[in-house]
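Structure first, commentary second.
The values are calculated or read from the model by the stated rules, or taken from the named source; none is laboratory data. All values reported here derive from a predicted model rather than from experimental measurement. Reconstructed Cβ throughout: ideal geometry from the backbone, glycine too, with neighbour counts over all protein chains shown. Side chains included, ligands, DNA and RNA excluded: accessible areas come from the protein's heavy atoms. Shrake-Rupley method; radii C 1.70, N 1.55, O 1.52, S 1.80 Å.
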Amino acid sequence: MNKGKKLYEGKAKILYEGPEKGTAIQHFKDHATAFNNLKKSTVEGKGVLNNRISEHIFNNLNQIGIQTHLIRRLNMREQLVRLVEIIPVEFIVRNIATGSLTKKLGIADGTILSKPLLEYSYKNDDLGDPLVAREHLLEFKWIKNQKELDQINNYCLRINDFMLGMFRGIGIKLVDFKLEFGKTNINGVETILLADEISPDTCRLWDVVSEKKLDKDRFRKDLGNIIQAYQEVARRLGIIHEEGNISEVKFGKPKSIKIKNK
Ligand code: 5GP
């Protein structure tokens, strides 16, 4: 499929004009960044894995009635998506305290929260995506009104419920994650769609037994074996199948990994 002009280049993805009005092509890069771009590297094969993992999760969410921007995956690194106007807010859902929550508030790392905690960050790299209150979202019109905010909060909690179960079934604790939403007009109706991606780049995922981190914290904290951890998530989700020991699988060698074609 021919890509149109580049619309936007982010840290981990590029968005191109799509083949039809209202569509875009989302390209997953291998770039990894952390701490507001202070730490940068390339993790070979990450984009391919995130493309597949995010496709899998978005398709599953679509089946439980969450509308997403994903139309279909095009190839190893690209998805055809609906072009949306991104709401400039990161919706963060936490089940276990870690990361910035523990740093900011001194909560013990690993504290299990009594119920999912929803946080909001204003999407602004220059300001370092600051944590904001619900009142900021409405006051500065990042979210149109209380009804729209209630709708998105409700989506976040439903997505969390679904993903908690999905990951628990494959021996993974869903610690926390970040969601982004966008707006588009479908048949004359302004519609809120889940956008961006859900992958080990945007979630914290711990092995149930060993608590081994299977997510971007391996990059953030220099824990090594980043791609092996992402492969492990993809393998447990049933997206990739490989012969032999996962630690021996070098990503990028097609013979060692078979990708299921849906
Ligand atoms: P924290 O606020 O503890 O750094 O992150 C909470 C969760 O949201 C983590 O799963 C983290 O990966 C995700 N998250 C928060 N902000 C960002 C972001 O700007 N980019 C990505 N990829 N993930 C984020």
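Sites listed here are GluC sites (Glu not before Pro) in region 6-90 whose DSSP assignment is loop and whose Cβ has at most 13 other Cβ atoms within 10 Å: Glu20, Glu44. For region 20-66, state which trypsin sites (Lys or Arg not before Pro) are in a DSSP loop and have at most 12 other beta carbons lying within 10 Å of their beta carbon. Here the trypsin sites (Lys or Arg not before Pro) that fit, given the DSSP loop and packing criteria, are Lys21. Percent of C-alpha pairs per 10 Å bin in region 51-140, short distances first: 13, 31, 36, 19, 1. Over all pairs of different C-alpha atoms in the chain, the reciprocal of the mean inverse distance, the Kirkwood hydrodynamic radius, equals 19.1 Å.
Taking the charge dipole of the chain about its Cα centre, with +1 at Lys and Arg Cβ atoms and -1 at Asp and Glu Cβ atoms, the residue from Ile96, Ile192, Asn51 reaching farthest to the positive side is Asn51. Among the GluC sites (Glu not before Pro) in region 155-221, those placed in a DSSP loop whose Cβ has at most 14 other Cβ atoms within 10 Å are Glu211. All distinct Cα pairs of region 87-207 go into the 1/r average, and the inverse of that average, the Kirkwood radius, is 15.3 Å. With a 1.4 Å probe and every protein chain kept in, tell me what percent of the accessible surface of region 87-207 is carbon plus sulfur. Result for region 87-207: 53 percent of the exposed heavy-atom area is carbon or sulfur. The charge dipole of the chain, taken about the Cα centre with unit charges on the Cβ atoms of Lys, Arg (+1) and Asp, Glu (-1), comes to about 620 debye, rounded to the nearest 20. Using a cut-off of 19 Å between Cα atoms, the listed pairs Lys173/Lys216; Lys3/Lys216; Lys147/Lys183; Lys13/Lys103; Lys29/Lys183; Lys147/Lys178 include Lys3/Lys216; Lys13/Lys103; Lys29/Lys183; Lys147/Lys178 as exceeding that distance.
Would you list which aspartates and glutamates come within 18 Å of Lys5, measuring only between C-alpha atoms, while excluding same-chain residues fewer than 8 positions from it? Counting by Cα, and skipping residues close in sequence, Lys5 has these aspartates and glutamates nearby: Glu17, Glu20, Glu78, Glu85. Ordering Asp125, Asp201 by accessible surface, largest first, gives Asp125, Asp201; the 1.4 Å probe counts only protein heavy atoms, with every chain in place. Counting charges near Arg94 (Lys, Arg +1; Asp, Glu -1) among other residues having Cβ under 11 Å from its Cβ returns a value of +1.
Within the straight-line cut-off of under 15 Å between alpha carbons, the aspartates and glutamates reachable from Lys104 are Glu119, Asp129, sequence neighbours fewer than 8 places apart in one chain being disregarded.
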